[in-house]
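Below you'll find the structure, written out as structure tokens, and then a few comments.
The values are calculated or read from the model by the stated rules, or taken from the named source; none is laboratory data. Here the structure is a predicted model, which means the values were calculated and not measured. Cβ sites come from the backbone with ideal geometry, for glycine too, and all protein chains shown count toward neighbours. What goes into the accessible areas is simple: the full protein's heavy atoms, side chains included, and nothing from ligands, DNA or RNA. Shrake-Rupley method; radii C 1.70, N 1.55, O 1.52, S 1.80 Å.
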Amino acid sequence: MHTALLQSSGRPGDVAHNLRVLDDAARAAAANGAGLLAAPEMFLTGYAIGDDVPRLAEPADGESADAIAEIATRHGLAVAYGYPERDGETVYNSVQLICADGTRLANYRKTHLFGCFERDHFTPGDQPVVQAELAGLRVGLMICYDVEFPENVRAHALAGTDLLLVPTAQMHPFQFVAESLVPVRAFENQMYVAYVNRTGPEGEFEFVGLSTLAGPDGVARARAGRGEELVSADVDPAFLAASRENNPYLRDRRPGLYASLV
């Protein structure tokens with residue numbers, strides 16, 4: 001499945017503008033043969049929106065979800081996007097995956113909140129593994145800081161995730177996560193990892209870009225620079241199967257030795 005990563009910060013606080021950016025990216029990605037487009041963490045509203053988080057938060061089946069379902073249907077590709085999710089009085093930092101026919105396939109709430117900003121505005125999710133079937137692949141969802149906890153990604157590996165989508169808001173000076181950690185996570189867990197970042201200054205943050213689609217061999221199939229960019233690469237089930245056959249990591253685990261980890 002050809003997979004596109006939209007590296008963009010959109011326009012913080014302007015949902016209508018960000019939907020237009022997503023629409024344009026979906027059009028370009030589909031023209032390039034992509035079956036999936038992934039956008040960054042909090043792409044719908046912007047990340048550094050402070051006290052506007054509760055005002056701009058929407059339910060998983062809200063108006064923006066309907067608008068993105070229409071984008072997905074019109075361009076014939078699945079779309080994953082980050083947004084602030086309202087559930088009653090509670091707000092989560094979430095990512096939703098919508099199929100090319102407009103069906104909402106999966107919704108994940110960030111389990112590991114990073115820094116005072118996130119802890120002040122969001123409630124952490126409590127479901128570590130969220131998956132959906134898409135084009136013959138088992139697609140898992142995660143957000144930014146979550147991928148830096150090896151237990152999280154290993155849980156996806158043990159649950160059979162083939163492609164892990166990680167919308168992110170990775171900021172300076174932590175660019176080593178995109179450069180080094182993400183390819184290692186893909187290798188040690190024998191999966192594809194799509195890490196799609198924001199870019200440029202936003203409030204007190206400086207996002208580093210460097211969005212990456214890494215394969216199970218630890219090699220980046222696509223890597224963006226520091227600016228606004230749409231990059232894409234193939235997620236190949238045959239290569240993944242061969243890699244898993246040749247790499248013994250998961251087979252050679254000895255879970256009985258790891259009890260102290262929990």
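Out of all the residues in the range 84-94, is one or more of a type in the set (Gly, Ala, Ser), assigned to a strand (DSSP E or B) and in contact with an Asp or Glu (Cβ under 8 Å, 6 or more places away or on another chain)?
Yes, the range 84-94 has at least one match.
Test of understanding: among 175, 190, which residue is over 15 Å from the mean Cα position of the chain (by Cα) and open to solvent by less than 10 Å² (accessible area, probe 1.4 Å)?
Answer to the selection: 190.
Of these, 41, 89, which one is within 18 Å of residue 198 (Cβ to Cβ) and acidic (Asp, Glu)? Talk me through it step by step, then tell me what you get.
On the way: 89 fails: within 18 Å of residue 198 (Cβ to Cβ).
One residue alone meets the criteria, 41.
For a quick check of your reading of the model, give me the residue pairs whose first member lies in the range 107-129 and is over 24 Å from residue 61 (Cβ atoms), whose second is assigned to a helix (DSSP H, G or I) and modelled with pLDDT of 95 or more, with beta-carbon atoms closer than 6 Å and at least 6 apart or on different chains.
Cβ pairs passing all conditions: 112/145; 112/146; 114/145.
Does residue 85 satisfy being crowded, with 21+ Cβ neighbours inside 10 Å and among the acidic types (Asp, Glu)?
On the way: crowded, with 21+ Cβ neighbours inside 10 Å: yes; among the acidic types (Asp, Glu): yes.
Considered against the rule, which asks whether it is crowded, with 21+ Cβ neighbours inside 10 Å and among the acidic types (Asp, Glu), residue 85 comes out as yes.
Output yes when any residue across the range 109-116 is open to solvent by less than 20 Å² (accessible area, probe 1.4 Å), assigned to a strand (DSSP E or B) and out of contact with any His (no Cβ under 8 Å at 6 or more places or on another chain), and no when none is.
Within the range 109-116, none of the residues are open to solvent by less than 20 Å² (accessible area, probe 1.4 Å), assigned to a strand (DSSP E or B) and out of contact with any His (no Cβ under 8 Å at 6 or more places or on another chain).
Looking only at residues in the range 120-150 that are touching a helix residue (DSSP H, G or I) at 6+ places or on another chain (Cβ under 7 Å) and among the acidic types (Asp, Glu), which one is farthest from residue 215 (Cα to Cα)? Give the derivation first.
Within the range 120-150, the first condition is being touching a helix residue (DSSP H, G or I) at 6+ places or on another chain (Cβ under 7 Å), and the residues that meet it are 121, 128-129, 136-137, 140, 142, 146-148.
Imposing the further condition that a residue be among the acidic types (Asp, Glu) reduces the set to 146, 148.
Values: 146: 19, 148: 17 Å.
Among residues in the range 120-150 that are touching a helix residue (DSSP H, G or I) at 6+ places or on another chain (Cβ under 7 Å) and among the acidic types (Asp, Glu), the one farthest from residue 215 (Cα to Cα) is 146.
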